[in-house]
Structures are given as structure tokens and as C-alpha cells.
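The values are calculated or read from the model by the stated rules, or taken from the named source; none is laboratory data. Since this is a predicted model, take the numbers as computed values, not measurements. Every residue, glycine among them, receives a Cβ derived from its backbone with ideal geometry; neighbour counts consider all protein chains shown. Side chains are part of the model used for accessible areas, which takes the heavy atoms of the whole protein and leaves out ligands, DNA and RNA. Shrake-Rupley method; radii C 1.70, N 1.55, O 1.52, S 1.80 Å.
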Amino acid sequence: MMTNLFSVFDPSTTILNLSLNWLSTFLGLLLIPASFWLIPTRFQFLWNSILLTLHKEFKTLLGPTGHNGSTFIFISLFSMIVFNNFLGLFPYIFTSTSHLTLTLGLALPLWLSFMIYGWINHTQHMFAHLVPQGTPAVLMPFMVCIETISNVIRPGTLAVRLAANMIAGHLLLTLLGNTGPSLSYIMVSLLIGAQIALLVLESAVAIIQSYVFAVLSTLYSSEVN
């Protein structure tokens, strides 16, 4: 019996008081090394073409001032998030990306490293970002405050956006699924169709949200150069 609607997101599987649900984060890693020693499959060709497309796009976003190889950080970030998002769509697998513990743990160190690097190496450039070009002198103090606040909340918005989107779809699937036993056969067949449509939608959300997280991280890093 579910005591709370949000209890489906609780890390409850434990052995010796150690939460085992977070091990789902590492399940995706088991699928990756096979490409290094097996004959490449169609899936691996598809995945390689996706990574190559992402590399080209991130390279464009970083611009000519970006460091060589820096796109691989964001490609790895995208791969990790998309694997965990899809694993969460399987029954009885813990969705680690629906928790702020993981999403904030990814966003905060990235943003903090960008800020430290920018303020140490490009201090004047970082100060110039606080006042947009063409701002009247009267509004400059207010613009500095607004730009500082918008900069500070970036890791929070990244983390909350990913976690909230993953929670919303899973909650909707859970709510609809719990109404099944009390419905007639005709309504159950309609419910199953709706659940399948929602599952397809959640698959698209899983890809889009991981892409948005990686792209926004790339844009934030390009601002400090």
C-alpha cells in the first residue's frame, strides 16, 4: 500500500543500511564498454553518429576560444543523464535523475569550476558580463544585481529543471496506473493506450532534458572565455 504519492521516488532498497537504489546510476556503464571489444552493431553506429553530431554542435557553441577536447565533458554528461533517464522508465528501477542529490551534484561543480576559472583568468571579461552593452548609467547598479542573481541561480535551475521533468512524467504514469483496478475492461484498454502514449512522451522528454542540460552547461562555459 502506497502511503504517500511521492513514496515511489524514495530510495528504499537497503542492505546493511546502505541504499542500493543509487546503484541504478551505474547500470548504464555496463552497456558502454562492449563497444571497445565487440564487433560494432547498428546500435553502436547510431550512438557514434549521435556523439559525433553532439561534438560538432558543442564545438560550435564553444566557439574558436574553446579548449580542444572540452566538448567530451559535455558529451559524457549527456550520455550519463540520458542513460539514467531511460533506465528510470523500466519498472522497479530507481530513477536517480529525479532527485536533486544527483542533478545538483552534476550542475553545481560544473558551474563552480566555470566561475572559478573565469574570475581567475578573465576577471575583466566577467565584470563586463554583469553590465549589458548600452545600459544607461542610472540602471547599472540594478543590472549588476539582476545579472549576479541570474548567474548564481544557474546551477539550481539546471538541477530543478531536470529533476522536476523526470518526476512529473513518472508521477502521471503512477497516478494513472493506480486507477486501473477500479476500472472496467473498456476503460482499462483505454488506460493502457494512454500509458503507452505517455511512455513514448517520457522517452522523448528523457532525451530532450539531457540535451538541454548539456547544451546549457556548454553555453555557461562559453561565457567565461
Residues in region 161-178: is at least one open to solvent by 20 Å² or more (accessible area, probe 1.4 Å), in contact with a Gly (Cβ under 9 Å, 6 or more places away or on another chain) and either assigned to a helix (DSSP H, G or I) or under 14 Å from Ala107 (Cα atoms) (or both)?
yes
Those residues of region 158-186 which are small (Gly, Ala, Ser) and touching a helix residue (DSSP H, G or I) at 6+ places or on another chain (Cβ under 9 Å) amount to Ala159, Ala163, Ala164, Ala168, Gly169, Gly177, Gly180
Quick one: which residue in Thr135, Thr123 is free of Cβ contacts under 8 Å to residues at least 24 places away in the same chain and surrounded by fewer than 11 Cβ atoms within 10 Å (Cβ to Cβ)?
Thr123
Check Asn48, Asn68 and return the single one that is open to solvent by 80 Å² or more (accessible area, probe 1.4 Å), part of a helix (DSSP H, G or I), modelled with pLDDT under 90 and over 30 Å from Gln195 (Cα atoms).
Asn48
Selection status of Glu223, in contact (Cβ under 8 Å) with a residue 40 or more places away in the chain and farther than 30 Å from Ser113 by Cα:
no
Please indicate, with yes or no, whether at least one residue in region 127-149 is farther than 30 Å from Thr71 by Cα, of a type outside the set (A, V, I, L, M, F, W, C), in a helix (DSSP H, G or I) and at pLDDT 85 or above.
no
Those residues of region 82-94 which are surrounded by 20 or more Cβ atoms within 10 Å (Cβ to Cβ) and under 12 Å from the mean Cα position of the chain (by Cα) amount to Val82, Phe83, Asn84, Asn85
For region 182-222, which positions are of a type in the set (Val, Ile, Thr) and either farther than 30 Å from Ile73 by Cβ or open to solvent by 60 Å² or more (accessible area, probe 1.4 Å) (or both)?
Ile186, Val188, Ile192, Ile196, Val200, Ile207, Ile208
Does Ile208 qualify as being assigned to a helix (DSSP H, G or I) and farther than 25 Å from Trp47 by Cβ?
no
